[in-house]
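*Asks:* Sending over a structure as structure tokens; questions will come in a sec.
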Amino acid sequence: AAGVIQSPRHLIKEKRETATLKCYPIPRHDTVYWYQQGPGQDPQFLISFYEKMQSDKGSIPDRFSAQQFSDYHSELNMSSLELGDSALYFCASSVTGNTKNIQYFGAGTRLSVL
Amino acid sequence: AQSVTQLDSQVPVFEEAPVELRCNYSSSVSVYLFWYVQYPNQGLQLLLKYLSGSTLVKGINGFEAEFNKSQTSFHLRKPSVHISDTAEYFCAVSFYSGTYKYIFGTGTRLKVLA
């Protein structure tokens, strides 16, 4: 079965650079979520989109922005990168209906800021 | 407010021994409960879920969990672990508050010893 696809898997950037992470949800899933997982930490919710509209916002820095496109894929844009942004970034997708918001996660993008 | 507590940050256990990973939650609304497993350098994989019905749920890889409403717990168990079960395990709750939200516990690192 198709899963959530994230690209790239690894990304190395320097301070003050920008980064774009991409997420392709499971086909027919209409909701996308972004999470940040620091070393030894649990995933922290950043932002979510339902039908291309922002549906919820968590602890996302102002330097970050995201959007969901007409094909339901989503991109997380990160500017003015800081060392503390080094983390594993997960995307998850779900479909509304009777599945009670079961979120399926991608393999993540590991961002290293040098 | 909702919260998830995983009391054990690390659980060492010998191969073929039983294991229980504890998860307690606090919520003023109905929740759905999940366990995810994260192998080293990989994404989050859904292990099992409790949505409704039977309080004993079975998941992949021989794991099972029991929902106990009175004790607000959702402990994960396996009767006989393998080396390959070494991973980080996250308990999560989902609840509806305008949108569906997920909260993760801080994770339990299961280390299976030979």
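*Asks:* Using alpha-carbon positions, what is the distance between the centroids of the range A:1-44 and the range A:61-96, in Å?
*Replies:* When both Cα centres are located, 6 Å separates them.
*Asks:* Could you name the aspartates and glutamates in cross-link range of A:LYS52, using Cα to Cα under 15 Å and dropping any fewer than eight places away on the same chain?
*Replies:* A:ASP30, A:ASP71, A:GLU75
*Asks:* Using the Cβ atoms and a cut-off under 15 Å, what net charge is assigned to the surroundings of B:LYS111, where Lys and Arg are +1 and Asp and Glu are -1?
*Replies:* Charge balance in the 15 Å sphere: -4.
*Asks:* Mind scanning A:LYS22/B:LYS58; A:LYS13/B:LYS111; A:LYS22/B:LYS78; A:LYS15/B:LYS111; B:LYS49/B:LYS101 and naming the pairs with a C-alpha gap bigger than 26 Å?
*Replies:* Over 26 Å Cα-Cα: A:LYS22/B:LYS58; A:LYS13/B:LYS111; A:LYS22/B:LYS78; A:LYS15/B:LYS111.
*Asks:* Still on this model: Please work out the FRET efficiency for the pair B:SER27 and B:ILE60, using the Cβ-Cβ distance as r and a Förster radius of 30 Å; give the result to the nearest 0.05.
*Replies:* The computed FRET efficiency comes out at 0.70.
*Asks:* Nearest 20 debye, what's the magnitude of the dipole of the protein assembly as shown about its Cα centre given +1 on Lys and Arg Cβ and -1 on Asp and Glu Cβ?
*Replies:* 160 debye
*Asks:* List the relative contact order of chain B as a percent without decimals, with contacts defined as Cα pairs under 8 Å and 6+ residues apart.
*Replies:* Computed over chain B, the figure is 37 percent.
*Asks:* In the range A:1-108, which GluC sites (Glu not before Pro) fall in coil by DSSP and have 16 or fewer other Cβ atoms within 10 Å?
*Replies:* Taking the range A:1-108 and a limit of 16 other Cβ atoms within 10 Å, the loop GluC sites (Glu not before Pro) found are A:GLU14, A:GLU17, A:GLU51, A:GLU82.
All of the numbers you see were taken from the coordinates with simple rules; none came from a lab. These numbers were taken from a predicted model, which means no experiment stands behind them. All Cβ positions, even for glycine, are placed from backbone atoms using ideal geometry, and neighbour counts span all protein chains on display.
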